[in-house]
1. Please enumerate the residues belonging to region 1-15 that are in a loop (DSSP other than H, G, I, E, B), exposed (fewer than 13 other Cβ atoms within 10 Å of the Cβ) and modelled with pLDDT of 95 or more.
2. Check ARG18 against each of (1) in contact (Cβ under 8 Å) with a residue 40 or more places away in the chain; (2) under 17 Å from LYS65 (Cα atoms); (3) open to solvent by less than 60 Å² (accessible area, probe 1.4 Å); (4) in a strand (DSSP E or B) and name the one condition it does not meet.
3. For region 85-123, which positions are surrounded by fewer than 17 Cβ atoms within 10 Å (Cβ to Cβ) and in a strand (DSSP E or B)?
4. Check whether at least one residue in region 58-70 is in a loop (DSSP other than H, G, I, E, B), in contact (Cβ under 8 Å) with a residue 24 or more places away in the chain and within 14 Å of the chain's Cα centre (by Cα), and report yes or no.
5. Quick one: which of ASP62, ASP73 is of a type in the set (Asp, Glu), out of contact with any Lys or Arg (no Cβ under 7 Å at 6 or more places or on another chain), open to solvent by 40 Å² or more (accessible area, probe 1.4 Å) and closer than 14 Å to CYS96 by Cβ?
6. May I ask you to verify whether SER24 is assigned to a loop (DSSP other than H, G, I, E, B) and polar (S, T, N, Q)?
7. I need every pair where a residue in region 98-118 that is without any contact (Cβ under 8 Å) to a residue 60 or more places away in the chain has its Cβ under 6 Å from the Cβ of a residue that is part of a loop (DSSP other than H, G, I, E, B) and surrounded by fewer than 17 Cβ atoms within 10 Å (Cβ to Cβ), sequence separation at least 6 or different chains.
8. Residue by residue through region 29-45, note down the ones that are more than 13 Å from PRO100 (Cβ to Cβ) and either of a type in the set (Asp, Glu) or open to solvent by less than 70 Å² (accessible area, probe 1.4 Å) (or both).
Amino acid sequence: VQLQASGGGLVQAGGSLRLSCAGSGRIFSSHTAGWFRQAPGKEREFVGGIRWRGSYSTYYEDSVKGRFTVSRDDAKNTVYLQLNSLNPEDTAVYYCALGPRWGSRQARDFGSWGQGTLVTVSS
């Protein structure tokens, strides 16, 4: 399975971006879709995801709660990450990946990593 992340770019602090993660078939209906980011010199960290626990639900890393939103469009086999109120600390390469249906925050539990899309936030 190959995921394709897109939508990154350069934005000023306080601005917004929407990232997209396109998959093939109905892959997102049977897996958690997770978003991670990796800043230069830092480890890859969990940002947010959408999982199945009887119904779809989203979950987030604490530092992005209220600013970032994960959503999905099954008709387009695409998962989105809406980034609002961006600050320079959000600068990183953002990745999407597939994880266990019950959800996880650990990168080691995810696979089918996309190539990443760079988000740069200027102050």
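The values are calculated or read from the model by the stated rules, or taken from the named source; none is laboratory data. Bear in mind the structure is a predicted one, so any value in this text is a computation, not a measurement. Because the Cβ atoms are built from the backbone with ideal geometry, glycine has one as well, and the counts that use them run over all protein chains shown. Note: areas computed on protein heavy atoms with side chains; ligands, DNA, RNA excluded. Shrake-Rupley method; radii C 1.70, N 1.55, O 1.52, S 1.80 Å.
1. The answer is GLY14, and nothing else.
2. Status for ARG18: all satisfied but (3).
3. GLY111, LEU118, THR120, SER122
4. yes
5. Working: ASP62 fails: closer than 14 Å to CYS96 by Cβ.
Sole residue among the options that is of a type in the set (Asp, Glu), out of contact with any Lys or Arg (no Cβ under 7 Å at 6 or more places or on another chain), open to solvent by 40 Å² or more (accessible area, probe 1.4 Å) and closer than 14 Å to CYS96 by Cβ: ASP73.
6. Details: assigned to a loop (DSSP other than H, G, I, E, B): yes; polar (S, T, N, Q): yes.
Judged against the criteria, SER24 is a match.
7. As it stands, the answer is ASP109/PRO100, since those pairs meet every condition given.
8. Initially, region 29-45 is screened for residues more than 13 Å from PRO100 (Cβ to Cβ), giving 29, 35-45.
Listed by number, the residues that qualify are SER29, TRP35, PHE36, ARG37, GLN38, ALA39, GLU43, GLU45.
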